[in-house]
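A.B. asks: So that we are looking at the same thing, I have put the structure below in structure tokens.
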Amino acid sequence: MSKRMKRLSALLMAGVMSLSSGALASAANMSIYVREYDNQTGIFNFPMEKTPAAIVTTQDGDTIYSAIDRAQTTLGSISSKWTKSTNSDGSIDWYLKEFSVDRGDDSYSATNDGKNKNPIYDNKGNMTGATWSGDSWMWVESSTLNDLAYPEETMSDVQCPSTDFSIILSYDHSEFKWGTAVK
């Protein structure tokens with residue numbers, strides 16, 4: 001084989017490899033399922049009828065948070081609000097505070113909330129115990145709709161996979177007694 005042919009073959013091979021690696025870094029689809037879960041009763045509710053509430057196209061380098069945050073402007077059918085938390089090491093985490101899906105007749109919206117019920121006070125008027133009752137957004141990367149294996153990372157810490165994947169946004173209700181209410 002002549003030197004010219006070898007060089008041409010090397011250039012063609014480099015071009016093919018470049019194109020194939022570009023395809024590997026292409027976008028993936030994230031299917032977002034929404035559910036409600038009451039950890040007191042163990043009952044699940046699926047307000048979006050066990051279908052994806054939205055399908056978001058992720059980009060190379062996206063975290064789950066950044067993909068959802070960007071998608072509200074590109075899709076128009078979802079809306080999210082986040083709480084920013086700065087950690088002691090200076091890193092930043094984002095926690096989902098509110099999530100909404102507008103699919104016409106099939107819409108859903110929920111916001112984190114919570115309060116103390118049945119407070120107990122001492123003789124000075126200080127609350128010494130109560131039952132905390134609240135609802136908050138949790139998440140898990142899964143397509144098994146009753147998966148409760150919540151990760152210890154926030155959505156802002158987890159990189160989107162390069163292949164299609166699913167997450168479950170779970171609006172969870174919990175209650176627990178604290179202080180003098182624990183007996």
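A.B. asks: Restricting attention to strands (runs of 3 or more DSSP E) lying wholly within the stretch 26-72, give those where 2 or more residues are hydroxyl-bearing (Ser, Thr, Tyr) and in contact (Cβ under 8 Å) with a residue 24 or more places away in the chain.
C.D. replies: Result: 29-38.
A.B. asks: Oh, and also: Looking only at the stretch 134-145, decide whether some residue is open to solvent by less than 60 Å² (accessible area, probe 1.4 Å), of a type in the set (A, V, I, L, M), within 25 Å of residue 50 (Cβ to Cβ) and part of a loop (DSSP other than H, G, I, E, B).
C.D. replies: Checked against the condition, which is being open to solvent by less than 60 Å² (accessible area, probe 1.4 Å), of a type in the set (A, V, I, L, M), within 25 Å of residue 50 (Cβ to Cβ) and part of a loop (DSSP other than H, G, I, E, B), the stretch 134-145 yields at least one hit.
A.B. asks: Here are the criteria: (1) without any contact (Cβ under 8 Å) to a residue 24 or more places away in the chain; (2) among the small types (Gly, Ala, Ser); (3) in contact with a strand residue (DSSP E or B) (Cβ under 8 Å, 6 or more places away or on another chain). Tell me which single one residue 110 does not satisfy.
C.D. replies: That leaves (1) as the condition not met.
A.B. asks: Sticking with this structure for a sec: Step by step: first the residues of the stretch 55-86, then only those that are hydrophobic (A, V, I, L, M, F, W, C) and either at pLDDT 95 or above or within 16 Å of the chain's Cα centre (by Cα) (or both), then the one that is most open to solvent (accessible area, probe 1.4 Å). Which residue is that?
C.D. replies: In this case the residue turns out to be 55.
A.B. asks: Of everything in the stretch 150-179 that's touching a helix residue (DSSP H, G or I) at 6+ places or on another chain (Cβ under 8 Å) and open to solvent by less than 80 Å² (accessible area, probe 1.4 Å), which residue is farthest from residue 55 (Cα to Cα)?
C.D. replies: Once the filter is applied, the top-ranked residue is 154.
A.B. asks: To continue, here is another question. Go through the residues of the stretch 108-119 one by one and say whether even a single one is open to solvent by 70 Å² or more (accessible area, probe 1.4 Å) and among the small types (Gly, Ala, Ser).
C.D. replies: For the stretch 108-119, residues open to solvent by 70 Å² or more (accessible area, probe 1.4 Å) and among the small types (Gly, Ala, Ser): present.
A.B. asks: Still on this structure, I have one more. So, residue 129, is that one more than 30 Å from residue 28 (Cα to Cα), without any contact (Cβ under 8 Å) to a residue 60 or more places away in the chain, over 14 Å from the mean Cα position of the chain (by Cα) and surrounded by 13 or more Cβ atoms within 10 Å (Cβ to Cβ) or not?
C.D. replies: yes
A.B. asks: Can I ask one more? Looking at the structure I just gave you, is residue 89 open to solvent by 50 Å² or more (accessible area, probe 1.4 Å) and modelled with pLDDT of 80 or more?
C.D. replies: yes
The values are calculated or read from the model by the stated rules, or taken from the named source; none is laboratory data. The structure displayed is predicted, hence computed values, not measured ones. When we count neighbours, we look across all protein chains shown, and the Cβ atoms used for this are built from the backbone with ideal geometry, even at glycine. Surface areas here come from the heavy atoms of the whole protein model, side chains and all, with no ligands, DNA or RNA. Shrake-Rupley method; radii C 1.70, N 1.55, O 1.52, S 1.80 Å.
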